[in-house]
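Report on one structure; see the data block that follows.
The values are calculated or read from the model by the stated rules, or taken from the named source; none is laboratory data. Note that the structure is predicted; figures quoted are calculated from it, not measured. Cβ coordinates were reconstructed from backbone atoms using ideal geometry, including for glycine residues, and neighbour counts include every protein chain displayed. Keep in mind that these areas ignore ligands, DNA and RNA; they rest on the heavy atoms of the full protein, side chains included. Shrake-Rupley method; radii C 1.70, N 1.55, O 1.52, S 1.80 Å.
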Amino acid sequence: NLEVSINISFPDIKDKSTLSFISSILEINRDISHFITFELLESEQIENYDEVFKFIDLIKSYGCKLAIDDFGSGYSNFTHIFNMNPDILKLDGSLIKDINTNKNSENIVKAMIMLAKESGIQTVAEFVDSSEVDEYITKLGIDFGQGYYYSPPKDIL
């Protein structure tokens, strides 16, 4: 009963052997697939959204969740992102790390939060490294935080 996240990139999605492997593992483990979140790196590398949408349909058919990782770091095409119907947006650390002192970061994040909430998407702030940033993201209404303030990365497996 442990939730896990798996980072996946567009090149992974294009790789037929990777997709076949993921599909077979999910098929064998249907009863626990709802504990898995696939974190798709928001990237300019995505050249064919049809392949991405097929991957999303595949994982969601097994009950997995989709997160868009590093949202706001690259070329955030909001139309494509929201057409992916993600469950979670992980707001990039470059926007979060100084959100309590950088008005531009705050304004961008506020807009992202509003879009996410209106779409029923949860938000995660990456790179939370202080109590000040934690308090600030809480005040803004971000659902979850991730970063060294809570815990350094651990090898629990």
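Taking the alpha-carbon centroid of each part, what is the distance from segment 1-46 to segment 89-157 in angstrom? Going from one Cα centre to the other spans 24 Å. Ligands, DNA and RNA left out, the 1.4 Å accessible surface of segment 1-154 is 51% carbon and sulfur atoms.
Screening the chain for DSSP H helices whose Cα atoms reach 15 Å or more along their own axis and whose mean Kyte hydropathy is at least 0.5 gives 16-28. For segment 113-157, what is the relative contact order in percent, using Cα pairs closer than 8 Å and at least 6 residues apart in sequence? In percent, rounded to a whole number, it is 40. The Rg/Rh ratio of segment 16-65, with Rg taken over Cα atoms and Rh as the Kirkwood radius over Cα pairs, comes to 0.98. Checking the cross-link pairs Lys60/Lys110; Lys117/Lys139; Lys16/Lys65; Lys16/Lys154; Lys16/Lys54 against a 24 Å limit on the alpha carbon distance flags Lys60/Lys110; Lys16/Lys154 as lying beyond it. Summing +1 for each Lys or Arg and -1 for each Asp or Glu among the other residues whose beta-carbon sits under 14 angstrom from that of Asn85 gives 0. Counting 0.36 nm for each residue step from Glu132 to Ile28 and taking away their Cα separation leaves a gain of 33.0 nm. As a length-normalised measure over Cα pairs under 8 Å and 6 or more apart, the relative contact order of the chain settles at 17 percent. Computed over every Cα-Cα pair of segment 82-145 and binned at 5 Å starting from 0, the pair-distance distribution P(r) comes out as 4, 20, 33, 25, 12, 5, 1 percent.
Measuring only protein heavy atoms, the 1.4 Å probe finds Ser61 accessible over about 80 Å².
Extending 7 Å from the Cα toward the beta-carbon at both Lys110 and Phe35 defines two label points whose distance is 4.1 nm. The order of Asp155, Asp70 by accessible area, most exposed first and with a 1.4 Å probe, is Asp155, Asp70.
This model, with +1 at the C-beta of Lys and Arg and -1 at the C-beta of Asp and Glu, gives segment 15-106 a dipole about its Cα centre of some 240 debye. Under a model in which nothing but the beta-carbon of Lys, Arg (+1) and Asp, Glu (-1) is charged, segment 111-157 shows a dipole of about 120 debye around its Cα centre. Taking the charge dipole of segment 1-97 about its Cα centre, with +1 at Lys and Arg Cβ atoms and -1 at Asp and Glu Cβ atoms, the residue from Gly63, Thr79, Ile22 reaching farthest to the positive side is Gly63.
On a per residue basis, the convex hull of the C-alpha atoms belonging to the chain measures out at 118 Å³. What the chain shows is 57 Å² of accessible area per residue, with the surface traced by a 1.4 Å probe over protein heavy atoms.
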